[in-house]
Amino acid sequence: MDLCIKNGTIVTSEHTQRSDVLISGGKISQVSETIDPSLLDDQVRIIDASGLLVFPGLIDAHTHYHLVSRGTVTADSFQEGSRLAAFGGVSTVIDFADHDKTRPLIDSLTDRSAAMAAEMAIDFTLHQGVYGMSEQIPEQLKAVREAGVHTIKIFTTYRNVGYLIETDGLRALFTACRDLELMVTVHAEDDELIEELLLKHGDQPFTPAAHALLRPAEAEERAIRYIGGLAGELGMPVYIVHLSSEAGLKAIGELRVKGVQISTETTPHYLQLTKELLDREDAPLYIMTPPLRSAQDNRALWKGVSQGAISIIATDHCTFTHEQKLSSHDCRTIYPGIPGTEEMLPLIHTFGVEKGLISMEKLVALLSVNPAKMFGIYPQKGSLIKGTDADITLFDPSIRWTITNASQHTAAGYTPYDGTEVKGKAVMTIRRGEILTEGDTYHGVPGSGRFVRAGRPGIYHRHTR
Ligand code: URP
Ligand code: ZN
Ligand code: ZN
């Protein structure tokens, strides 16, 4: 059914303006000050958006739904991930295809994409994990690019589980990505420092709180300096995922001064939560990698967001149930990751816009426009431009509510933000003209979500070698 959103206020990264929006055949067909309903076909459903903000559908650029890892699988399936995302105003996610080193990259990508297409109700695209380098990888990357994926994800840590690529291989991989204009995204933690600290830790208990000491901000900073140095030397852009620390942010600033094109995202948890949570009885519920830091780090990251040094907020949504999380209290074996997609919008609105740190336009840039541009899916996603996908989040900025374990839709059964009072809620999420959520009702159809082919990452458009 076609839709006409009347009396709302559209917000893009550029402006805020009273406008009506007409959606036909899943695309945005008209955006104008007023659209006269009497001139529309009887079949068009009119949605009264008085008092609501109309955002381009939000994008969570870092999710791990149905992640099979460490001998288990994460709590939120593709169906559950889609549902909780839609309730959070998110209509597109960027998830990850792991690198199965026994097969060409394209096989992992095709399998992941097919599995998601069968179950997702929101749209999605992928980052391709690369956990090893070989002579075959450049050709394999070409196939990945042809399939519509233009970003790879690497780790500078986890040598112990075979994720880390050693120096020579990394240089060769970066060079191949530069030549193919693929964006390298990096989980940045210095493995050597972490190994050293583990050794020094000796036989002291590996408590949840020790996680923060064993993977300190310095590890992030060192890895960023190393990766940024390499990218600078090769004359290519690079992107740091889930930035967690003031030290890491400072390193990024210094690399930029030297001319390195380095971009970054942070997450709601590194902006809002602190490592004191790791002293609690239920501390495993708050374990992710990199670990939570200090309130000073929270403030520095917010400053980075408001001043533009951090251009994207994504969640690293990676959930485990209470039972999975609390099955270990040893920081080396607690399953890492927490929920976030559904909480992202109210948290960033409350602690960013309401606190005066960012404007509403900036919120839309961080959660929709910038990820779309960075990862090559703009303007199909992240815009309200005529002819593009009608992905729209209707946001009521006035609703005051409390995030609780019961209010959230994650199969994890808990939220790390339990008890947090927030202002603002997504009241309707529309994906390609279909209403996915309407208040508390979910209409999403598993398997209706589509893979979005990405083009050249935005940063390559500005890049001159
Ligand atoms: O602890 C986390 N972040 N789990 C998800 C995987 C990753 O490293 O991003
Ligand atoms: Zn990571
Ligand atoms: Zn992740």
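The values are calculated or read from the model by the stated rules, or taken from the named source; none is laboratory data. Keep in mind it's a predicted model, so treat the numbers as computed, not measured. Don't worry about glycine lacking a Cβ; one is built from the backbone with ideal geometry, like all the others, and counts go over all protein chains shown. Accessible surface areas use protein heavy atoms only, side chains included; no ligands, DNA or RNA. Shrake-Rupley method; radii C 1.70, N 1.55, O 1.52, S 1.80 Å.
Carbon-plus-sulfur fraction of the accessible area of the range 58-380, 1.4 Å probe, in percent? Walk me through the numbers on the way to the answer.
Working: 5700 of 11050 Å².
Of the solvent-accessible surface of the range 58-380, carbon and sulfur hold 52 percent.
Taking every protein chain into account, the 1.4 Å probe leaves Thr102 with about 120 Å² of accessible area, to the nearest ten. Ligands, DNA and RNA excluded, the heavy atoms of Glu33 present near 140 Å² of accessible surface to a 1.4 Å solvent probe.
The length gained by stretching the chain between Gln43 and Glu323 to full extension, at 0.36 nm per residue less their Cα-Cα distance, is 96.0 nm.
Sort the range 58-380 into rounded, prolate or oblate with this rule: let a ≥ b ≥ c be the square roots of the eigenvalues of the Cα gyration tensor; rounded if a/c is under 1.5, and if a/c is not under 1.5, prolate when a/b is larger than b/c, oblate otherwise. Provide the component values of the computation, followed by the final result.
Working: a/c = 1.16, a/b = 1.08, b/c = 1.07.
Cα axes put the range 58-380 in the rounded bin.
Using C-alpha pairs under 8 Å with a sequence gap of at least 6, the mean separation divided by the residue count of the chain gives a relative contact order of 23 percent.
Classified by the C-alpha gyration tensor, the range 256-358 has a prolate form. Its axis ratio a/c, with a ≥ b ≥ c, is 1.5 or above, and a/b is larger than b/c.
Nothing charged except the Cβ atoms of Lys and Arg (+1) and of Asp and Glu (-1): what's the magnitude of the dipole of the range 1-128 about its Cα centre? Round to the nearest 20 debye. Display every interim value, and only then the final one.
Details: 9 positive and 18 negative charges, 62 e Å.
The dipole magnitude comes to about 300 debye.
Against the chain, whose longest principal axis comes from its Cα atoms, helix 217-234 is set at around 80 degrees. Mean separation of Cα pairs under 8 Å and 6 or more residues apart, divided by the residue count, gives the range 346-403 a relative contact order of 18 percent.
By a 1.4 Å probe calculation restricted to protein chains, Glu195 has an accessible surface near 80 Å², given to the nearest 10. Placing a label point 7 Å from the Cα of Asn405 along the Cα-to-Cβ direction, the residues of the range 296-327 whose backbone N falls under 11 Å of that point are 322-323.
Angle between the Cα long axis of helix 295-307 and the longest principal axis of the chain, 0 to 90 degrees, nearest 10? Its long axis makes an angle of about 50 degrees.
Reported to the nearest whole Å, the Cα centre-to-centre distance from the range 381-396 to the range 246-322 is 28.
Amide H contacts of Met183 (H built 1.01 Å from N, in plane; Pro and chain starts excluded): Thr151, Ile152 sit under 5 Å, all sequence-distant by 5 or more or on other chains. Given +1 at the Cβ of Lys and Arg, -1 at the Cβ of Asp and Glu and no other charges, the dipole of the chain around its Cα centre is 1000 debye to the nearest 20. With all protein chains in place and ligands, DNA and RNA left out, the 1.4 Å accessible area ranks Arg299, Arg222 as Arg299, Arg222, largest first. Its DSSP H runs of at least 4 residues, each contributing -39,500 (n - 2.57), put the calculated 222 nm mean residue ellipticity of the chain at -8500 deg cm²/dmol, to the nearest 500. Simple point charges give the picture: +1 on the Cβ of Lys and Arg, -1 on the Cβ of Asp and Glu, and for the range 117-213 a dipole about the Cα centre of about 160 debye. Against the main long axis of the alpha-carbon atoms of the chain, helix 167-180 sits at an angle near 30°. Gain on full extension, evaluated as 0.36 nm per residue between Gln296 and His15 minus their Cα-Cα distance, stands at 98.0 nm.
When ligands, DNA and RNA are left out and all protein chains stay put, how many square angstrom of accessible area per residue does the chain have with a 1.4 Å probe? Write out the running numbers ahead of the final one.
Details: 17510 Å² over 465 residues.
Accessible area per residue: 38 Å².
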